[in-house]
Every structure is written in structure tokens, then in C-alpha cells.
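Following: one structure in C-alpha cells, then a few remarks.
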Amino acid sequence: MKIEIAEHKKLVHSMHMDVRWGDMDAMGHVNNTVYFRYMESVRVEWMRAVGCEPDPRGEGPVIVNAFCNFYRQLEYPAQLLLRLYVSDPARTTFETWTTIERVDRPGVLAAAGGATVIWVDFPAQKAAPLPDWMRALVV
């Protein structure tokens, strides 16, 4: 199943990341599970940059689903450009979208994916309303 990236979204963060030798599998390309780590890295870097440090005694973000569309193989060595977008804030959730491309091939997507983030009251183990400060960032 292919899930399309939202047309209406807001760019909130970008970063460069090197493909590491250990990211590859026996077939000589980056293993599909590693793409999810790349997407996690840009999402976590953005959240830390905006002061979102989850506290197990308080509230914070949790991923409830994730997907990735693979367009081109990645191999070592390469430097990647990851872009993180957000959209669709709801009462307790918002969407994140990530594009991955090689720096030396600008505009050519290697992969694109997304994840739904839900805001959680950790001690209660249930969804909580998005805080106003986070809602303002993802609108």
C-alpha cells in the first residue's frame, strides 16, 4: 500500500545525516528499517529544538503509526537531506511527514514517509489535548 504525503503541510525542520556502513544489509543497500530511524532522528531533533522533552511523569508525544514509501535505493557512502513537515492538528494528534534525498541528488526523493503523533498523559496512560504551544507549532 502506498500512502501519499499530504499536499498541505508546513516545513519545520531539516538536517543532514550520513549513511553509515552499518546501515546497509546483505544486499548492499540501506535496510528498510533504517529509513524509519532516519525519520525518527529528524523528528526527535525537531522536538528537542522546540523544547519538547518528554517526561515520564508528565506528558509528551508518542508515535501511533508510521509508514515509508521507498523510491530509490540508498548505499554507503552518501549524505542525506531529511526534511520534516507537520500538518493536521486535531484535539490530541498531529501528522508528521519526512522526505529523504541524497545531498548530491537534490530534488530526487529516495523515500518519503510519515507518522501520527499523539499527545499522551504518561502516568494516566491516555491521550491528552495538544498543549497550546505545540498546537501553535503544527498549525
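The values are calculated or read from the model by the stated rules, or taken from the named source; none is laboratory data. Computed from a prediction, not measured in an experiment: that's the story for all the values here. Positions of Cβ are generated from backbone atoms using ideal geometry, with glycine treated the same way; all protein chains shown enter the neighbour counts. Only protein heavy atoms, including side chains, enter the accessible area calculation; ligands, DNA and RNA are left aside. Shrake-Rupley method; radii C 1.70, N 1.55, O 1.52, S 1.80 Å.
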Study note, to complete from the structure: Inside segment 120-139, the number of residues satisfying the requirement of being open to solvent by 70 Å² or more (accessible area, probe 1.4 Å), modelled with pLDDT of 95 or more and part of a loop (DSSP other than H, G, I, E, B) is 3
Exercise for review: Can you work out which of the residues in segment 80-117 that are among the small types (Gly, Ala, Ser) and either open to solvent by less than 10 Å² (accessible area, probe 1.4 Å) or part of a strand (DSSP E or B) (or both) is farthest from Trp133 (Cα to Cα)?
Suggested key: Ala110
Point to revise | Odd one out for Cys68, checked against (1) over 22 Å from Leu130 (Cα atoms); (2) surrounded by fewer than 17 Cβ atoms within 10 Å (Cβ to Cβ); (3) not charged (D, E, K, R) | key: (2)
Practice item. Would you be able to tell me the number of residues in segment 3-29 that are within 17 Å of the chain's Cα centre (by Cα) and not polar (S, T, N, Q)? Key: 16
Point to revise | Condition check for Thr92: β-branched (Val, Ile, Thr) and closer than 17 Å to Lys9 by Cβ | key: no
Check your understanding: Looking at (1) touching a helix residue (DSSP H, G or I) at 6+ places or on another chain (Cβ under 8 Å); (2) over 15 Å from Ala6 (Cβ atoms), can you tell me which one Arg72 breaks?
Key -> (1)
Check your understanding: Gly107 fails exactly one of the following numbered conditions: (1) touching a residue at least 40 places away in the same chain (Cβ under 8 Å); (2) on the phi > 0 side of the Ramachandran plot; (3) not aromatic (Phe, Trp, Tyr). What is the number of that condition?
Key -> (1)
Practice item. Select from segment 10-62 the residues that are open to solvent by 70 Å² or more (accessible area, probe 1.4 Å) and in a strand (DSSP E or B) and list them in ascending order. Key: Lys10, Leu11, His16, Asp18, Glu59
Check your understanding: Does at least one position in segment 53-73 carry a residue that is without any contact (Cβ under 8 Å) to a residue 24 or more places away in the chain and aliphatic (A, V, I, L, M)?
Key -> no
Study note, to complete from the structure: Only one of (1) small (Gly, Ala, Ser); (2) at pLDDT 95 or above; (3) at negative phi; (4) out of contact with any Leu (no Cβ under 7 Å at 6 or more places or on another chain) does not apply to Ala6, and that is (2)
Study note, to complete from the structure: Pairs returned, first residue in segment 29-40 that is of a type outside the set (A, V, I, L, M, F, W, C), second residue that is in a loop (DSSP other than H, G, I, E, B) and surrounded by 17 or more Cβ atoms within 10 Å (Cβ to Cβ), beta-carbon separation under 7 angstrom, 6 or more apart or interchain, are His29/Leu74
